[in-house]
1. So which residues in region 96-113 are among the hydroxyl-bearing types (S, T, Y) and either in a strand (DSSP E or B) or crowded, with 16+ Cβ neighbours inside 10 Å (or both)?
2. Any chance you could count how many residues in region 157-168 are open to solvent by less than 40 Å² (accessible area, probe 1.4 Å) and out of contact with any Phe, Trp or Tyr (no Cβ under 6 Å at 6 or more places or on another chain)?
3. Considering only region 93-126, state which residues are of a type in the set (S, T, N, Q) and within 18 Å of the chain's Cα centre (by Cα).
4. Which of the residues that make up region 139-156 are open to solvent by less than 80 Å² (accessible area, probe 1.4 Å) and either among the hydrophobic types (A, V, I, L, M, F, W, C) or modelled with pLDDT of 95 or more (or both)?
5. Determine whether region 45-58 contains at least one residue that is at pLDDT 90 or above, open to solvent by 50 Å² or more (accessible area, probe 1.4 Å) and either over 15 Å from V170 (Cα atoms) or in a helix (DSSP H, G or I) (or both).
6. With out of contact with any Ser or Thr (no Cβ under 9 Å at 6 or more places or on another chain), over 16 Å from L161 (Cα atoms) and open to solvent by 60 Å² or more (accessible area, probe 1.4 Å) as the only criterion, which of L89, L93, L82 stands out?
7. I need every pair where a residue in region 114-138 that is under 29 Å from S94 (Cβ atoms) and open to solvent by less than 50 Å² (accessible area, probe 1.4 Å) has its Cβ under 8 Å from the Cβ of a residue that is in a strand (DSSP E or B) and hydroxyl-bearing (S, T, Y), sequence separation at least 6 or different chains.
Amino acid sequence: MSSPTIPISNPQTQSPIATPAFRAFLSRISTSIRQGFSQRRPWSELVDRNYMARPDSLSEAATRIRKNLSYFKVNYITLLALILAFSLLSHPLSLIVLLSLLASWIFLYLFRPSDQPLVILGRSFSDRETLGILVVSTIVVIFLTSVGSLLISASMVGFALVCAHGAFRVPEDLFLDDQEPASAGLLSFLGVTSTSAAAAAAPAVAARV
């Protein structure tokens with residue numbers, strides 16, 4: 001007599017990866033990345049030693065950082081991403097844990113069809129229970145494992161390099177002719193990207209409320 005199969009999901013419903021919301025999410029993310037890279041400055045400008053000089057004061061260093069963040073924001077984000085990627089690749093276990101956590105959020109909650117209950121080991125979990133489990137799992141992974149310390153240390157190294165370059169890179173007249181305001185720096189660009197991702201995921205989340 002064969003053992004009974006354990007249902008994990010309803011095979012007659014659409015899988016999360018095939019839902020229109022998930023495809024729209026990927027499309028919006030890829031569009032945002034392409035638009036962001038179109039604003040990237042030439043790397044030769046970033047490393048041009050002719051415009052490297054020690055600032056005379058902390059206020060001058062702060063002014064340089066603010067202007068360079070506005071002008072080289074895409075280059076700086078790329079540098080931060082490369083540092084984070086190198087840190088994670090050098091710690092494969094942390095990378096696997098982080099990717100597993102991200103996949104859990106995407107496939108078990110954000111883009112799982114609302115008419116498809118999550119069933120594990122014969123037990124059905126409601127959306128609220130699934131959300132609670134994912135939130136607790138995220139807190140445990142970020143704050144109680146080496147993943148959080150790895151991300152924080154890599155981010156601190158990246159921000160230190162960005163601030164050091166921004167303080168020593170002398171902003172020339174091209175900043176004055178740039179159409180973007182000086183306040184539109186690194187954080188504003190990250191905010192636009194995250195807003196686009198949130199807007200793409202909003203319909204899937206709203207369907208559960």
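The values are calculated or read from the model by the stated rules, or taken from the named source; none is laboratory data. Source: prediction; values computed, not measured. Note that each Cβ is placed from the backbone with ideal geometry, even for glycine, and that neighbours are counted across all protein chains shown. The area values use the complete protein model at the heavy-atom level, side chains included, leaving out ligands, DNA and RNA. Shrake-Rupley method; radii C 1.70, N 1.55, O 1.52, S 1.80 Å.
1. Answer for region 96-113, where residues must be among the hydroxyl-bearing types (S, T, Y) and either in a strand (DSSP E or B) or crowded, with 16+ Cβ neighbours inside 10 Å (or both): S104, Y109.
2. Total satisfying the criteria: 4.
3. Passing the criteria: S94, S100, S104.
4. Across region 139-156, the qualifying residues are V140, V141, I142, V147, L150, L151, A154.
5. Yes, that holds for at least one residue.
6. Numbers: L93 fails: out of contact with any Ser or Thr (no Cβ under 9 Å at 6 or more places or on another chain); L82 fails: over 16 Å from L161 (Cα atoms).
Just one listed residue meets the conditions, L89.
7. Listed pairs, sorted by first residue: L118/S124.
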